[in-house]
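Heads up, the thing below is written out as structure tokens.
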Amino acid sequence: MPGSTSKAVLFAALVGLLAAVSGAAHAQAYPSGPVKLIVPVPAGGVTATMARIVAQRLTEAWGHPVVVDNRPGGNYAVGAQAVARSPADGLTLLVAPDSTVTANPHLFSKLPYDPVKDLTPIIVLCRITPVLVVNPSLDAKSVPELIALAKAKPGSLNYGSYGIGTYAHLSMEDFKQKTGTDIVHIPYRGAAPAATALLAGDVSMLLLNLSSIEEHEKAGKVRILAVASDKRAVLRPDLPTVAEAGVPGFSTTAWFALWGPPNMAPELVARIHADVAKVLESPQSREFFRTNSFERVDLSPAQFSQLIQDDLKHWGALVKAVGAKLD
């Protein structure tokens with residue numbers, strides 16, 4: 001019996017060694033053909049733009065075409081499901097916003113994919129710099145003035161969002177709860193129409209990435225009151241955060257990342273992570289980040305997995321408090 005036990009242990013060790021060697025060899029040979037980046041939103045916007053940048057520069061680095069495949073629908077579920085059902089060879093990857101795996105599980109009673117088990121975290125691509133912006137017709141030049149105005153006229157002010165469950169919706173509901181204000185939610189189908197509504201005066205306020213609205217501020221068409229994330233923007237250190245301006249504990253952001261199918265070899269994940277990191281550190285990418293007020297988020301795959309767990313809890317608590325549902 002001791003001899004058979006030793007053989008079993010030796011066999012298990014041999015299997016593990018062969019698997020490791022096979023994984024390393026596969027990573028070295030990667031990619032073996034064209035790579036598809038599935039984007040679960042229409043062309044345009046931060047997600048698709050980041051995907052195009054990564055695809056272009058990985059094509060140059062890998063010597064194989066890296067193509068962007070837009071598959072919108074189901075609040076990112078259509079694209080995520082396609083990747084979740086793909087082989088673990090890394091030839092089909094997902095570029096998507098954080099809510100695909102952090103908010104969706106709380107917004108839907110049932111998803112066609114498990115955000116933790118069915119997608120392999122590879123690398124965070126960037127984080128936006130959201131700001132709280134108002135139409136200049138509003139008699140509010142600061143966050144305290146906005147809160148005072150909303151309290152003086154309950155239900156008369158409104159805010160836009162990119163749809164139910166987006167950070168622009170959930171975080172404004174958090175703002176309302178923290179400030180005791182009554183502000184009406186008006187959802188739109190994306191950031192562009194929401195911004196258009198703000199410019200037209202159809203909505204009073206909006207949470208939006210700094211670079212998407214800053215030019216309109218210079219033209220006097222909007223008024224930026226504060227940065228909505230947990231720290232001041234590098235490009236606009238003059239702007240206080242919402243928390244600094246009188247709403248303790250408030251902060252929000254959105255990030256965009258790259259995932260693979262389930263059960264990818266760790267060596268393959270490390271290879272793709274390293275190659276994409278080089279793309280993000282290139283001078284061209286750094287300049288793009290700077291001009292678009294995007295923040296580089298340098299996390300290992302393990303740290304990325306922890307970020308997902310932390311944000312699952314954060315958005316889960318907020319969705320529950322707000323009572324938001326998409327089915």
Over the chain, what is the percentage of antiparallel beta bridges among all DSSP beta bridges, to the nearest 5?
60
State, to one decimal in nm, how far the label point of A43 lies from the label point of N158, with both points 7 Å from Cα in the Cβ direction.
3.2
Please give the charge dipole size of segment 235-311, origin at the Cα centre, charges +1 on K and R Cβ atoms and -1 on D and E Cβ atoms. Round to the nearest 20 debye.
200
Spacing of the two label points (7 Å from each Cα toward its C-beta) at A192 and K117, in nm:
3.8
So which lysines can K278 reach, going by Cα to Cα under 22 Å and dropping same-chain residues fewer than 8 places off?
K36
Å² per residue, accessible surface of segment 185-291 at 1.4 Å:
45
So how do 254-264, 30-40 stack up, highest first, on mean other-Cβ count within 10 Å?
254-264, 30-40
For segment 42-56, in residue order, the Karplus 3J(HN,Hα) values (coefficients 6.51, -1.76, 1.60; θ = phi - 60°; whole Hz; Gly and Pro = x) are x, 4, x, x, 5, 4, 5, 5, 4, 4, 5, 4, 4, 4, 4
Surface per residue (accessible, 1.4 Å probe) for segment 23-89, Å²:
43
Write down, largest first, the equivalent ellipsoid semi-axes of segment 43-142 in whole Å, where each equals the square root of 5 times an eigenvalue of the alpha-carbon gyration tensor.
30, 21, 11
With a bin width of 5 angstrom, please list the P(r) values of segment 157-301 as percents of all Cα-Cα pairs, from the 0 bin to the one holding the largest distance.
2, 8, 15, 18, 18, 14, 10, 8, 5, 2, 0
Please tell me which of these pairs span more than 25 angstrom C-alpha to C-alpha: K231/K313; K178/K221; K110/K231?
K178/K221; K110/K231
Binning at 20 Å from 0, report for the chain what percent of all alpha-carbon pair distances ends up in each bin.
30, 52, 15, 3, 0
With a Förster radius of 56 Å, plug the Cβ-Cβ distance of A219 and N263 into 1/(1 + (r/R0)^6) and report the FRET value to the nearest 0.05.
0.65
Per the charge dipole of the chain (beta-carbon charges, Lys/Arg positive, Asp/Glu negative, Cα centre), the residue among S109, G73, P40 reaching farthest to the positive end is S109
Relative contact order of segment 198-327, pairs being alpha-carbon contacts under 8 Å that are 6 or more residues apart, as %:
17
Rounded to the nearest Å, the spacing of the alpha-carbon centers of segment 238-293 and segment 94-161 is 16
State the Kirkwood hydrodynamic radius of segment 212-253 in Å, one decimal place, computed from all pairs of distinct Cα atoms.
10.8
Rounded to the nearest percent, how much of the accessible area of the chain (1.4 Å probe, protein heavy atoms only) is carbon and sulfur?
58
Scan around T92 for amide H atoms under 5 Å from its own, H built in the peptide plane at 1.01 Å from N, and keep only partners 5 or more places away or cross-chain.
K36
Let me check against my output: what whole-number percent is the relative contact order of the chain, with C-alpha pairs under 8 Å and at least 6 apart?
25
Given contacts defined as C-alpha pairs under 8 Å and at least six residues apart, what's the relative contact order of segment 82-170, whole-number percent?
21
Nearest 5 percent is fine: what portion of the DSSP beta bridges confined to segment 84-236 is antiparallel?
65
For segment 255-327, max minus min Cα coordinate along each principal axis, in Å, sorted largest first?
43, 36, 21
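The values are calculated or read from the model by the stated rules, or taken from the named source; none is laboratory data. None of the values given here were measured: they were computed from a predicted structure. Note that we place each Cβ from the backbone using ideal geometry, even for glycine, and neighbour counts take in every protein chain shown. Quick note on the areas: whole protein, heavy atoms, side chains included, nothing else; ligands and nucleic acids left out. Shrake-Rupley method; radii C 1.70, N 1.55, O 1.52, S 1.80 Å.
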